[in-house]
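Read the structure below first, then the notes.
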Amino acid sequence: MDSVKYTLPESKIPKSWYNIQADLRDAAPPVLHPQSKEPIGPDDLAALFPMELIKQEVSTEREIEIPGPVRDLYRQWRPTPLYRARRLEQALDTPARIYYKYEGVSPSGSHKPNTAVPQAFYNKEAGVTKLTTETGAGQWGSALSMACTFFGMECSVYMVKVSYDQKPYRRGLMESFGANVTPSPSRTTASGRAVLDEHPDSTGSLGIAISEAVEVAATSDDTNYALGSVLNHVLTHQTVIGLETMEQMAAADDEPDILIGCTGGGSNFAGMCFPYVGENLRGEKNYRVIAVEPAACPTLTKGPYAYDYGDTAHLTPIVKMHTLGSGFVPPGFHAGGLRYHGMAPLVSQLHSEGHIEAVAYDQLRTFAAGIQFAQAEGILPAPEANHAVAAAIDEALACKESGESKAILFNLCGHGQFDMQAYLDYNAGKLVAYEYPEEEVAMALSGLPSVSA
Ligand SMILES: *Cc1c(COP(=O)(O)O)cnc(C)c1O
């Protein structure tokens, strides 16, 4: 039987985002100033973000209205389709029903524009003319470059050097949207120069690139900073994914038993799963929710839940999260979007309270899953998304074993058409299965800030 596609009319684009802070039992732990280590207030963030986003960051309102101009831009690619992967089910010979929400139909090929557009919008409204940011694999940089050009703003992207060298086509896309792209670490900032003086051959990390972008924004009046994941407001914007999916699952006359998303900073996972986790938190439902991360950067499965810096130079606030240490530079595996040392505080809190599960997969397993998926469904997933695919396949195979027919829903957060070198390398047998870099993590964790709270 053929796979089935569930679409929605444009009128069904959600009118509000869902804010899970309304349903948390315990309030989120306070965010601390990097020097004083005292709780920060809205004014401490005003050098980097517009007030509307700062308000969303700390809001406990369940619904946050999506501004009209943002909904208008969403219409270009939203609602995104939900598929029932019948051909994959057949290939696996499983009684499970497998569904995937496909975010790769956005213009830049992933879920990232769902937050890039509102972030650019609120900054534009606040009179900001330029945004700085970092990008790992290039997905976030592409999305923000696109959003900035929509709103007539400048965009400056610090791109992790290893990706800058490995993925010239992502840079080509960002530059075509008018952005200025700098390989990080660079000599254009004090944080970049400090890294290069110590490690002239540094291939960079997200933590270093964040320091560079934050430094530039903090030291110029007309420039703000934008982050593509991790922060509460980013996760909230992404909930359009899960809210649409709920409508589509209703149209399919089905309900998920298991929800799955890959986690780098946590935003696509949260976007798909938080509206469902909210139902669990309110005692209405009992979904199983699984976050999938790379074995080479196992933040949720191996990192402690502790206060840490968001960046390498310690310019960002200190937040409580699962972390591998802000000095951790993960090995160069092929899922650049999953190479962050930390995890979104909200995802970390839900994990520490036992509301979500986490598993880690190595890249040989995830690429095998991605190729099996592509051969059944015709979409080549982003290497990051392959982590969710692998876990969905394993859950479907577990159903085959037990004879249970569960509904498995995962977020296919992006396509892999800018990641062909990774697939060429995998197909040529050149990828290796990275082990958990225990010693390097131990070293990085020894640098956690001491915080009395
Ligand atoms: C950025 C990115 C990720 C990782 O970020 P999250 O915030 O964890 O979603 C995963 N997949 C794709 C396709 C990405 O672009």
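What the table shows:
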{"item": "Residue list for the stretch 180-189, filter: touching a residue at least 40 places away in the same chain (Cβ under 8 Å) and either β-branched (Val, Ile, Thr) or out of contact with any Lys or Arg (no Cβ under 8 Å at 6 or more places or on another chain) (or both)", "result": "VAL181"}
{"item": "Conditions (1) of a type outside the set (S, T, N, Q); (2) open to solvent by less than 20 Å² (accessible area, probe 1.4 Å); (3) in a helix (DSSP H, G or I); (4) over 25 Å from LYS124 (Cβ atoms); number of the one not met by ILE260", "result": "(3)"}
{"item": "Single residue of the stretch 277-300 satisfying the filter (assigned to a helix (DSSP H, G or I) and more than 16 Å from the ligand (Cβ to nearest atom)) that is least open to solvent (accessible area, probe 1.4 Å)", "result": "GLY278"}
{"item": "For THR182: the one exception among (1) part of a helix (DSSP H, G or I); (2) buried (at least 19 other Cβ atoms within 10 Å of the Cβ); (3) more than 19 Å from the chain's Cα centre (by Cα)", "result": "(1)"}
{"item": "Residue in the stretch 147-164 that is within 16 Å of the ligand (Cβ to nearest atom), assigned to a helix (DSSP H, G or I) and modelled with pLDDT of 95 or more present", "result": "yes"}
{"item": "Residues (touching a residue at least 24 places away in the same chain (Cβ under 8 Å), open to solvent by 20 Å² or more (accessible area, probe 1.4 Å) and of a type in the set (Gly, Ala, Ser)) located in the stretch 396-453", "result": "GLY403, SER405, ALA433, SER446, GLY447, SER452, ALA453"}
{"item": "Selection count, the stretch 92-114, where residues are open to solvent by 50 Å² or more (accessible area, probe 1.4 Å) and under 21 Å from MET272 (Cβ atoms)", "result": "3"}
{"item": "Within the stretch 115-146, considering residues that are free of Cβ contacts under 8 Å to residues at least 40 places away in the same chain and open to solvent by 20 Å² or more (accessible area, probe 1.4 Å), the one farthest from the ligand (Cβ to nearest atom)", "result": "GLY127"}
{"item": "Selection count, the stretch 71-91, where residues are of a type outside the set (S, T, N, Q) and open to solvent by less than 10 Å² (accessible area, probe 1.4 Å)", "result": "5"}
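The values are calculated or read from the model by the stated rules, or taken from the named source; none is laboratory data. As the structure is a computational prediction, the values presented were derived from the model and not from experiment. Quick reminder, even Gly has a Cβ in these numbers, built from the backbone with ideal geometry, and neighbours come from all protein chains shown. Please note that ligands, DNA and RNA were not included when accessible areas were found on the heavy atoms of the full protein model with its side chains. Shrake-Rupley method; radii C 1.70, N 1.55, O 1.52, S 1.80 Å.
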